[in-house]
Amino acid sequence: MGFGDLKSPAGLQVLNDYLADKSYIEGYVPSQADVAVFEAVSSPPPADLCHALRWYNHIKSYEKEKARNVHTERVNHRVKKALGKYGPADVEDTTGSGATDSKDDDDIDLFGSDDEEESEEAKRLREERLAQYESKKAKKPALVAKSSILLDVKPWDDETDMAKLEECVRSIQADGLVWGSSKLVPVGYGIKKLQIQCVVEDDKVGTDMLEEQITAFEDYVQSMDVAAFNKI
């Protein structure tokens, strides 16, 4: 049983054929079997051995992303066997004594042995990102709710000075109030009403306040109605 010499083209070809219908050397998740075979492969397999190269790159990725390896706890308890114990049964084991070099095991641990340190590092990164998010959120201006309101301001009669009426209306100033366009609209019997638009911040200006202040100009204004009200 085994792959033969995995540093030779023949051994790599056996590995490629073996992985043609498999994702890992054993089972359905990466394990110490993958570590043992990975250590025996001296460099990435050539591109024409696509199955072996795909497996090699996948296992190599665990070296760089140990903190993200969700399989760590599941695979670390498995004991790494001699290289000749893995692979197809009809290939002669040419790996020598069949024992693994404990020094090599210490040098390469794709699935990580410093879980506690990695956990602390992951915790530190999460705390940093959370602090950055909170800081960014605090600096972001709060969304101000606004509304566009169209008002109908009616005079007493056709003799009311509409220019003066509009001047009075526009004289109303408040934080969160911006006056817009206006026009005179006939209502009958020669009487025209003032139709005027304004934009208000909902938390600062309400229609009740506008009505109270506009109708306070009682020499010109008979009443005020809200013709249209739209959230912006």
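Miscellaneous remarks
- Order by protection proxy (mean Cβ within 10 Å, highest first), peptides 146-155, 41-50, 119-128: 146-155, 41-50, 119-128
- Less than 5 angstrom separates the built amide H of LYS193 from those of VAL185, VAL187, all sequence-distant by 5 or more or on a different chain.
- Each of GLN195 and ASP21 was given a label point 7 Å from its Cα along the Cα-to-Cβ line. The distance between the two points is 7.9 nm.
- Expressed per residue, the C-alpha convex hull volume of segment 174-232 stands at 92 Å³.
- In the calculated pair-distance distribution of segment 121-223, the portion above 24 angstrom amounts to 43 percent of the Cα-Cα pairs.
- In this view, the solvent-accessible surface of PHE38, computed with a 1.4 Å probe and all protein chains in place, comes to about 20 Å².
- Long pairs among LYS60/LYS123; LYS136/LYS204; LYS183/LYS231; LYS146/LYS183; LYS192/LYS231, criterion Cα-Cα beyond 31 Å: none
- Span from the segment 127-154 Cα centroid across to the segment 32-60 one, whole angstrom: 53
- Solvent-accessible area, 1.4 Å probe, carbon plus sulfur percent, for segment 166-232: 47
The values are calculated or read from the model by the stated rules, or taken from the named source; none is laboratory data. Note that this is a predicted model, so its numbers are computed, not measured. Cβ sites come from the backbone with ideal geometry, for glycine too, and all protein chains shown count toward neighbours. Ligands, DNA and RNA are excluded from the accessible area calculation, which covers all protein heavy atoms including side chains. Shrake-Rupley method; radii C 1.70, N 1.55, O 1.52, S 1.80 Å.
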